[in-house]
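The values are calculated or read from the model by the stated rules, or taken from the named source; none is laboratory data. What you see is a predicted model, and the numbers here were worked out from it, not measured in a lab. Heads up, the Cβs are rebuilt from the backbone with ideal geometry, glycines too, and the neighbour counts pull from every protein chain shown. For accessibility, only protein heavy atoms count, side chains too; no ligands or nucleic acids. Shrake-Rupley method; radii C 1.70, N 1.55, O 1.52, S 1.80 Å.
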Amino acid sequence: MVAGAQCDGVTEYLSWIGPMVAEPQSDLQITKTVAAPAPAAVGDPVTYTLTVKNNGPGTAKAGWSVTDVAPPGGVTGLSLSGQAAQVSCAGLTCTGLNELPAGAEVTLSATGTWTAPPGTSATNRAYVLPDPTDVPESNPAAPTPPDTSTDTDQTPTNNDAQATHVIPRRPAVELQKTVETRAGSGQYGEVGDY
């Protein structure tokens with residue numbers, strides 16, 4: 001305030017509460033599915049589809065990130081990818097290059113090689129976090145990101161997701177049928193041993 005100037009009270013009040021007006025919060029959500037065709041044998045390629053959506057009402061700042069949590073012994077060589085204009089990916093993390101307005105979605109892929117033996121399930125998890133300088137989300141991520149043992153269906157946030165797949169076991173018993181012929185003419189209708 002300038003020396004000798006008088007304050008009208010309203011100006012002083014507005015200057016005090018102005019910084020306290022909250023920015024609208026974003027609400028980042030992630031979903032994850034096993035893309036078709038799902039692996040049917042050890043060594044098959046596997047692709048997971050990850051969809052990040054901002055439920056709003058605020059815009060998420062550029063710098064939001066997605067991290068994939070590879071299942072140990074289930075999938076090898078896993079890496080994330082997305083459209084170069086939307087994300088920058090390195091290994092198991094992608095970072096959003098642009099703001100994500102309310103209602104907008106970005107689709108990513110995680111690809112690798114299936115290594116879990118038949119009958120053994122593998123659960124792949126992922127999580128999305130806002131840029132560290134963004135305002136807190138309306139439905140924030142858990143304080144500790146999910147790891148390979150987290151059941152994301154049981155967490156209170158929509159910032160993490162999982163997809164589980166299992167290759168069915170093949171029958172352990174095989175039936176083989178052979179025909180042994182008896183000495184004879186080999187004509188139709190003769191009796192044989194099976």
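Peptides 94-102, 124-132 ranked from most to least packed by the mean count of surrounding Cβ atoms within 10 Å: 124-132, 94-102. Each residue of segment 28-35 was assigned a 3J(HN,Hα) from its phi angle through the Karplus expression (A = 6.51, B = -1.76, C = 1.60, θ = phi - 60°), giving 7, 10, 10, 10, 9, 9, 7, 7 Hz with x at Gly and Pro.
Each of the peptides 87-93, 61-67, 37-43 was scored by the mean count of other Cβ atoms within 10 Å over its residues; in descending order, highest first, they stand as 61-67, 87-93, 37-43. Taking all protein chains as they are arranged and a probe of 1.4 Å, the heavy atoms of T51 leave approximately 30 Å² accessible to solvent.
If you take all other residues with their beta carbon under 14 Å from the beta carbon of T95, and give Lys and Arg +1 and Asp and Glu -1, the sum is -3.
Computed from Cα atoms alone, the Kirkwood hydrodynamic radius reported for segment 22-117 is 14.2 Å. Of S26, S149, S121, the residue with the largest accessible area leads and the full order is S149, S121, S26 (1.4 Å probe). Amide H contacts under 5 Å for E99: A62, restricted to partners 5 or more places along the chain or on a different chain, H placed in the peptide plane at 1.01 Å from N. Scalar couplings 3J(HN,Hα) for segment 148-153, obtained by applying the Karplus form with A = 6.51, B = -1.76, C = 1.60 to θ = phi - 60°, are 5, 10, 6, 9, 5, 5 Hz; x denotes Gly and Pro.
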